[in-house]
Each structure stands twice: as C-alpha cells, then as structure tokens.
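S.K.: Take a look at the following structure, please.
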Amino acid sequence: FEKRGVGQSNGKRIERRSGDSGQLGKLFTVDCTRWNFGAADGWDGVCSGGMGAAWRAQCNLAGAAHADGDEKGEDWRSAYDCNGGDEPGEEAKNPAGKDSIDSFSGDLLVIGLPEQKDAEKYELSSDIKALDDSTSGAISEILEENKFSGKASSKATARLVGSSSVKRVAVFGLGDDVEKAKTLRELGAFSVSTAKAMKGVSSAGVYVGQMSGGQARSITEGAVVASYSDVRFRRTPEDQSDPPSIELLALSDDSAIEKGRMQSSGLLLAKELVDAPANFVTPAALAETAEKIAKDHGLEVEIFDKEKCEEMGMGSYLAVAQAGANPPKFIHLTYKGKNAKKKVVIIGKGLTFDSGGYNLKAGAGSMIEKMKLDMGGSAAALGAANVIGQLKPDGVEVHFIVASCENMISGDGLHPGDIVTASNGTTIEVLNTDAEGRLTLADALIFAENLGDVDYIVDLATLTGAIVVSLGSDIAGLWSSSDDLAEKLMTASNATGEKMWRMPLPDEYKEMIKGSISDLKNIGGRGAGSITAALFLKEFVKSTPWAHIDIAGTAYSEKAGGGTGYGVRTLVELVSRLSDGQ
C-alpha cells in the first residue's frame, strides 16, 4: 500500500489508498476513498483478502472481518469510530478550532477571493482584514504588489510575519462567480501544488468565506486529483513524500467532502484506464473493471462474449474485433435508483487499441503509439458509473454499455471493401477499416434502444480527427436528434466546465454515407467528417432522443500528461439533474 493523498476538512480526512487486488492490481489503482471507515464491510475486494490485511493493519477496523489491527488502530478509532459505526468518531464530529480563518493554525492558508473589477484597491472582508492586521498588513501588501483583483485563477503567495501562527499565505482569484466548479477545482489543485512546492509545509487551510456544499465538493475534487500521482508502471516512484493535508474552513455541508471524493474517484478511474497501455487494459480488463464497480456499489452487470454477440447478430461490432488476439467483451452495467422515472443509456466507445486495421495508421502524425486512448469514451462511461453507484441518485435508471474490442491486422481481419451486417439487418460497406468505432457503436446503439422505454441515449467516443480540426483539444462536439436532450447536456456541460459545442445534423449530408451496393458506407468522403460520422450513428437509433459527443480532442492531453477523464463530470451532472426532475 502507498498513501496517495491525505487531507482534512473539519476533522474528516480525505484519504486515498491503493494497492493490488488480485489480477486487477496490475491494471489500475484500487480506490478506497472513504473517511467513513466504519462502513468498510462493503468493500469486499478492498477490505478483505491478502490486500485487505494490509489495509486492516493501518485502520485496525474492529469486528470479525477486520481483526488484524496493530498499535495504530487506537488513533484511527478515536478519529473515525472504527469500532463498527457508520459515523465518524468524536474527534471528526467536533474538531477543535477548525471552523474559521482566525482559528486555523496550519502552515499555509489559501484564501479564495472574488473579483473586484475596476477597484483601485482590493477591499478585504472583515474576517480577512483581522488576519491582515495581525500580520502588519502583509496580505494587503501582496495584493497591492501583484495588482490582485480576484480575476479567475489569478494567484499570489507570500511569507507572513507577526503574531499569526500561519507562516505562509496564498490568494487565489475566484472571478465573478464564486460557485464556478472549474475555478474551484483549480483552487483545490493550487492549494496542493503550492503546499508541495514550499519546504516545511505539511498542512494547508482553504478559505472562501462561509463555504457552501457545492464549493467544498469542487475544491475537494481538485485537491484529491492534484494529490494523485500515477506510479503504477514505475519500479520506484520519483516522489515518495506524503502529500499535504488540506483543511476546508467554515464549511456548512460536511457531506460535500464525501461527494467530492466520490466524483474524484470516477475521474481518476477514467484517467487511469486511458493512461494504461493496451497490454494492460484489454477488453477483458474493461469487463473486470465493470464487474468490480458492480460488486462495490451494488449495480447489475452482464458481460457478453463473442459467441453471445454472434447469437444477437452483432456483425458490425464483431467485424472490427475479428483480427484481435484479445477476444471482444460486450459490457452492460445497470444502476437502478429508487422510484425510477427516467431511463438513460450511456454508451462509451471501447477500442482498447486501434491500429487502423488494413488502413493502417502509419507515418508522421498517425499517433498510433497513442491509440490506447481510443477507449476514452468507455473510460468516461465506467468512471461515471463508479460515481453514480456511490451517489445512488433516486428517480433514475442508468445503463452503461461498452462494445469493447481491438482493431488489429491478421489473416482473419476485416478487409477494406467488405460488407458487414449490423444486428438490425442494416448492411454497411467498410470503405476504411480505420473508421471502426462507428461500426462497434452501431450494434451498441441498437442494443440500447432495444432495452425498451428508454428516455435518452448518449454516446461518447473518440471518433474522428475531424472534430480536433474543427474544435481543437478543449471543446468536444455535440450532435443530437433532440433539442431537449441537447439543452440538458449543454446545461450539465456549463455547470461542470467540460466544454462542448453543438454541431449540425443536416439531412442533405446523408447522401454522403449512402451505400452504392449496401445500405450504408462507413465513411462519407474528406469533407465534414465528424458530421457524417454522427449521421452514420443516427441511422441506428429509430426514435429515442439521442446525443453523440465526439471527445477525440478532449479525452487526452499532452499538456495535462495523459487522460483527462473528460465526460465523467458531465454525465454525472446530467444524471443528477434528471434525478432532481430537471
């Protein structure tokens, strides 16, 4: 076990531990993000077995299932009530002096400040002014020196002197919207990175005034993600130091911390899946991931093998898979909330490696070495399932579908010019084997609608290079047959800060994908490539409101160092809003 990230907020620790869990240990980091250790019985694959013994030795969880504690256990029990209760212990419930800015005594204080446009001098609120007075005006001085106005994501730091126990202070601009999730995530990440960069800093407090639940959730998410370092494939981690603890001050909603950690667990799962190479994340590994999510959070799961998919007539999907040494896995996860009134299907493209097939990705700029990322849609879907399974929203039933396989070359591989038949009988002439994702999604979309009484279908896919040319690496493309669904997705996108732009679905472009000797062809020519790809997918949805999100540009970022987890936040927000009747 290695401690990945530790933080505190009103006495509750933000903890992230990881380790091996049988075969899955080699595939991705197992996430145990819970401050509520008393309810650890639910983590069958994490708090039991050989790996669980190491966990129990740290937590000293009491009871027959958690009997392997050591001398560290007493400290854990005093803070977390590890004797079997579902609530934190007294220390966590009643932290001494952890509620306000004036009582904070850690090493670093990070203050989020709203924007004051056109102000000659930044006016501090009374609580921050009191701290400023105790440090002989040091906070005012750094604001003036940096001409700080509170503009979103602006920042400055300084060392303090005087009577205050806080020795360092940092200010961070919240902009004109102090509830904006993206900015607050950046504040959480800034708090961690600033503390890491300063020698002798082991704890930091974050203050934005009276902190709302939404603010705490976003700050927690940002802090947890920033504390994470992917060292799965290194023999010796470069940085083995403990990350700083983070304390959220003046928090009004303690449950928001746990929700933020739930959100970050799904995001980090998606990032890890995208970042792991194709010899680790195979179709079988994705299926195992889905099974673990189902086991941990009480979802239903079905995994269909090649033979079962053949029985269901999934000729379009299986044509892509037929050259791969790793057999295909069709994944179907189901979350059933109480009193479900809305039924939603989320589909993620799951090409664990895309060589291009006989239309091989070759030459400069082909990015074949990066094609482990072609399962970014499935990573987002499974990441969202991991979060939704923990949040357990009422009023919704959510299905998660991944038609997973590899697109490879062999004597049994799909030829350019072959005609394949989807499970609804539609014939498709495959003019380019590197336009394979839409072939797998075709059968997934048919399966989704055949579930019956579906209100919305949303698919996410790293589908086309054309969308990167159109919208770049920060904005995904959105196509939808339903203005209502498109509006819901845009609202969720705006709330989470995952940018997307609605694109057209012009009927006149359908001629570009009409087959000459088949019903359809899988490419439409050089122009409007992302649009004709979306129109192709639309052919496999009869009447259900449907949306397609092309995340080819947003699922992976060289600047960010790998997978982004794009889509997890928007999908969770969409489902949460549907749960609330929006």
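S.K.: Might you let me know whether segment 482-501 holds any residue that is modelled with pLDDT of 95 or more and under 24 Å from Glu429 (Cβ atoms)? Reasoning before the result, please.
M.R.: Taking segment 482-501 and keeping what is modelled with pLDDT of 95 or more, we get 482-501.
Okay, now just the ones that are also under 24 Å from Glu429 (Cβ atoms), so none.
No: zero hits.
S.K.: Now for a different question. Looking at (1) within 25 Å of Asn494 (Cβ to Cβ); (2) of a type outside the set (Ser, Thr, Tyr); (3) open to solvent by 10 Å² or more (accessible area, probe 1.4 Å), find the lone condition where Asp275 falls short.
M.R.: Among (1) within 25 Å of Asn494 (Cβ to Cβ); (2) of a type outside the set (Ser, Thr, Tyr); (3) open to solvent by 10 Å² or more (accessible area, probe 1.4 Å), the lone unmet condition for Asp275 is (1).
S.K.: Of the residues in segment 449-484, how many are in contact (Cβ under 8 Å) with a residue 12 or more places away in the chain and either among the β-branched types (Val, Ile, Thr) or in contact with a Leu (Cβ under 9 Å, 6 or more places away or on another chain) (or both)?
M.R.: Quick first cut of segment 449-484, residues in contact (Cβ under 8 Å) with a residue 12 or more places away in the chain only: 449, 451, 453-468, 470-482, 484.
Pick out the ones that are also either among the β-branched types (Val, Ile, Thr) or in contact with a Leu (Cβ under 9 Å, 6 or more places away or on another chain) (or both) and you get 454-464, 467-468, 475-481.
Of the residues in that region, 20 qualify.
S.K.: Of the residues that make up segment 303-325, is at least one within 25 Å of the chain's Cα centre (by Cα), open to solvent by less than 50 Å² (accessible area, probe 1.4 Å) and either among the aliphatic types (A, V, I, L, M) or farther than 19 Å from Asn450 by Cα (or both)?
M.R.: No, segment 303-325 contains no residue that is within 25 Å of the chain's Cα centre (by Cα), open to solvent by less than 50 Å² (accessible area, probe 1.4 Å) and either among the aliphatic types (A, V, I, L, M) or farther than 19 Å from Asn450 by Cα (or both).
S.K.: Surrounded by fewer than 23 Cβ atoms within 10 Å (Cβ to Cβ) and within 30 Å of Thr426 (Cα to Cα): does that describe Glu288?
M.R.: Spelling it out, it is not the case that Glu288 is surrounded by fewer than 23 Cβ atoms within 10 Å (Cβ to Cβ) and within 30 Å of Thr426 (Cα to Cα).
S.K.: If you don't mind, there's one more thing I want to ask. Which residue pairs have Cβ atoms under 7 Å apart, sit 6 or more places apart or on different chains, and have a first residue in segment 362-390 that is over 16 Å from His332 (Cα atoms) and a second that is open to solvent by 10 Å² or more (accessible area, probe 1.4 Å) and of a type in the set (A, V, I, L, M)?
M.R.: Listed pairs, sorted by first residue: Lys372/Ala278; Val387/Met262; Gln390/Met262.
S.K.: Counting only residues that are of a type in the set (Ser, Thr, Tyr) and open to solvent by 10 Å² or more (accessible area, probe 1.4 Å), how many does segment 356-381 have?
M.R.: 2
S.K.: Further, regarding this structure: Considering segment 435-458 alone, what residues qualify as being part of a helix (DSSP H, G or I), of a type in the set (A, V, I, L, M) and surrounded by fewer than 24 Cβ atoms within 10 Å (Cβ to Cβ)? So that I can check it myself, show each step before the final result.
M.R.: Taking segment 435-458 and keeping what is part of a helix (DSSP H, G or I), we get 437-449.
Those still in the list that are of a type in the set (A, V, I, L, M) too: 439, 441-442, 444-446, 448.
Once the filter is applied, which keeps residues that are part of a helix (DSSP H, G or I), of a type in the set (A, V, I, L, M) and surrounded by fewer than 24 Cβ atoms within 10 Å (Cβ to Cβ), segment 435-458 yields only Ile446.
S.K.: Could we say that Ser404 is at pLDDT 95 or above and buried (at least 18 other Cβ atoms within 10 Å of the Cβ) here? If you could, list the steps in order and put the result at the bottom.
M.R.: Working: at pLDDT 95 or above: yes; buried (at least 18 other Cβ atoms within 10 Å of the Cβ): yes.
So Ser404 fits the description; yes.
S.K.: Of all residues in segment 407-425, count the ones that are open to solvent by 40 Å² or more (accessible area, probe 1.4 Å), farther than 17 Å from Lys308 by Cα and in a strand (DSSP E or B).
M.R.: Qualifying residue count for the region: 1.
S.K.: Follow-up. Would you be able to tell me the number of residues in segment 459-477 that are among the small types (Gly, Ala, Ser) and assigned to a loop (DSSP other than H, G, I, E, B)? Full working, then the answer.
M.R.: We begin by selecting, within segment 459-477, every residue among the small types (Gly, Ala, Ser); these are 461, 465-466, 470, 472-473, 476-477.
After this cut, where a residue has to be assigned to a loop (DSSP other than H, G, I, E, B) as well, the list is 472-473.
Summing the residues that are among the small types (Gly, Ala, Ser) and assigned to a loop (DSSP other than H, G, I, E, B) in segment 459-477 gives 2.
S.K.: Now a separate question. In segment 215-255, how many are in contact with a Lys or Arg (Cβ under 7 Å, 6 or more places away or on another chain) and part of a strand (DSSP E or B)?
M.R.: The qualifying residues number 1.
S.K.: Which condition number in (1) under 30 Å from Gly350 (Cα atoms); (2) at pLDDT 95 or above is the one that Val231 fails?
M.R.: (2)
S.K.: Please work out which residue is nearest to Val572 (Cα to Cα), limiting yourself to segment 199-238 and to residues that are hydroxyl-bearing (Ser, Thr, Tyr) and touching a residue at least 60 places away in the same chain (Cβ under 8 Å).
M.R.: Step one: filter segment 199-238 for residues hydroxyl-bearing (Ser, Thr, Tyr), giving 202-203, 207, 212, 218, 220, 227-229, 236.
Adding the requirement that they be touching a residue at least 60 places away in the same chain (Cβ under 8 Å) leaves 202-203, 207, 220, 227-229.
Details: Ser202: 33, Ser203: 31, Tyr207: 27, Thr220: 16, Ser227: 22, Tyr228: 21, Ser229: 24 Å.
In this case the residue turns out to be Thr220.
S.K.: Can you tell me which condition Ile428 does not meet? The list is (1) part of a helix (DSSP H, G or I); (2) within 23 Å of Asn359 (Cβ to Cβ), and all the others hold.
M.R.: Looking at each condition in turn, Ile428 falls short on (1).
S.K.: Another question, then. Can you name every one of the helices (runs of 4 or more DSSP H) wholly within segment 478-582 that holds 2 or more residues which are surrounded by fewer than 22 Cβ atoms within 10 Å (Cβ to Cβ) and under 22 Å from the mean Cα position of the chain (by Cα)? Quick ask: steps written out before the conclusion?
M.R.: On the way: elements: 483-496, 529-538, 568-579.
Hits in segment 478-582: 483-496, 568-579.
S.K.: Right, next: So is Gly337 touching a Pro at 6+ places or on another chain (Cβ under 8 Å), within 15 Å of Val575 (Cβ to Cβ) and surrounded by fewer than 20 Cβ atoms within 10 Å (Cβ to Cβ) or not? Reasoning before the result, please.
M.R.: Details: touching a Pro at 6+ places or on another chain (Cβ under 8 Å): yes; within 15 Å of Val575 (Cβ to Cβ): yes; surrounded by fewer than 20 Cβ atoms within 10 Å (Cβ to Cβ): yes.
It is true that Gly337 is touching a Pro at 6+ places or on another chain (Cβ under 8 Å), within 15 Å of Val575 (Cβ to Cβ) and surrounded by fewer than 20 Cβ atoms within 10 Å (Cβ to Cβ).
S.K.: Might you let me know whether segment 222-241 holds any residue that is more than 27 Å from Gly562 (Cα to Cα) and not hydroxyl-bearing (Ser, Thr, Tyr)? Full working, then the answer.
M.R.: Step one: of segment 222-241, the residues more than 27 Å from Gly562 (Cα to Cα) are none.
So far as segment 222-241 goes, no, none of its residues is more than 27 Å from Gly562 (Cα to Cα) and not hydroxyl-bearing (Ser, Thr, Tyr).
S.K.: Are any residues in segment 400-435 of a type outside the set (Gly, Ala, Ser) and touching a Cys at 6+ places or on another chain (Cβ under 9 Å), and if so, which ones?
M.R.: Taking segment 400-435 as the starting set, the residues that turn out to be of a type outside the set (Gly, Ala, Ser) are 400-402, 405-409, 412, 414-416, 418-421, 424, 426-434.
Within segment 400-435, none qualify.
The values are calculated or read from the model by the stated rules, or taken from the named source; none is laboratory data. The shown structure was predicted, so the numbers you read here are calculated from the model rather than taken from an experiment. A quick note on method: Cβ atoms are made from the backbone with ideal geometry, for glycine too, and the neighbour counts reach across all protein chains shown. The area values use the complete protein model at the heavy-atom level, side chains included, leaving out ligands, DNA and RNA. Shrake-Rupley method; radii C 1.70, N 1.55, O 1.52, S 1.80 Å.
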